[in-house]
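To start, the structure under review is shown below, and the notes come after it.
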């Protein structure tokens with residue numbers, strides 16, 4: 001269907017156009033300058049169309065971040081051991097420190113409080129952790145992890161420690177810090193039989 005000389009977009013095509021427009025607005029104006037009106041104008045749609053999908057700019061910014069994280073998700077190959085795979089994954093996470101995404105999280109803080117949300121809920125909506133789950137599953141299959149010791153809190157510990165360091169310093173972690181998280185903290189907790197290289 002054509003409207004005023006252009007093809008009317010629907011579904012995924014429209015959503016992609018909106019998210020692309022929202023990312024352009026965030027890149028140019030930051031979260032403080034993000035408005036539904038500007039995103040709608042840039043995407044060539046209307047504000048009600050945006051509000052049907054995302055009730056607030058926080059929800060829209062979260063969707064933009066989720067798409068960016070999904071598109072930039074690392075593929076962690078089977079390296080034959082948990083130590084090397086987990087170090088690679090944490091290194092990839094750490095490298096995002098200079099991407100501007102961390103500043104965006106802090107800029108969203110006031111709206112998160114207003115919406116009775118939190119960084120934890122934001123993280124849960126953004127990060128699926130498919131690659132991390134794959135790394136853990138391979139380690140369990142290889143007998144490197146005692147699955148009975150892998151509680152939800154312990155399972156999330158390596159990622160949480162990286163996030164903590166990033167949010168405290170706004171700098172990538174050193175190789176030594178990543179090794180410390182993997183070798184000194186996580187592996188002993190899960191009962192890994194793997195020895196440090």
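With the contact rule set at Cα under 8 Å and sequence spacing of 6 or more, what percent relative contact order holds for region 24-114? Numbers along the way, then the final one.
On the way: 35 pairs, mean separation 25.3, N = 91.
About 28 percent, as a whole number.
Residue separation of residue 176 and residue 92 scaled by 0.36 nm, minus their Cα-Cα distance, works out to 28.8 nm of gained length.
Take the Cβ-Cβ distance between residue 13 and residue 75 as r, set R0 to 35 Å, and report the resulting FRET efficiency rounded to the nearest 0.05. Don't skip to the end; give the middle numbers.
On the way: r = 26 Å, r/R0 = 0.74.
Plugging the Cβ-Cβ distance into 1/(1 + (r/R0)^6) gives 0.85.
Highest first, please rank the peptides 37-49, 17-29 by the mean number of other Cβ atoms sitting within 10 Å of their residues. Display every interim value, and only then the final one.
Numbers: 37-49: 15.8, 17-29: 18.0.
Packing order, densest peptide first, comes out as 17-29, 37-49.
Where a number appears in this text, it was derived from the coordinates with a stated rule and is not lab data. Note that the structure is a prediction, hence the values are computed from the model and not measured. All Cβ positions, glycine included, derive from the backbone under ideal geometry; neighbour counts span all protein chains shown.
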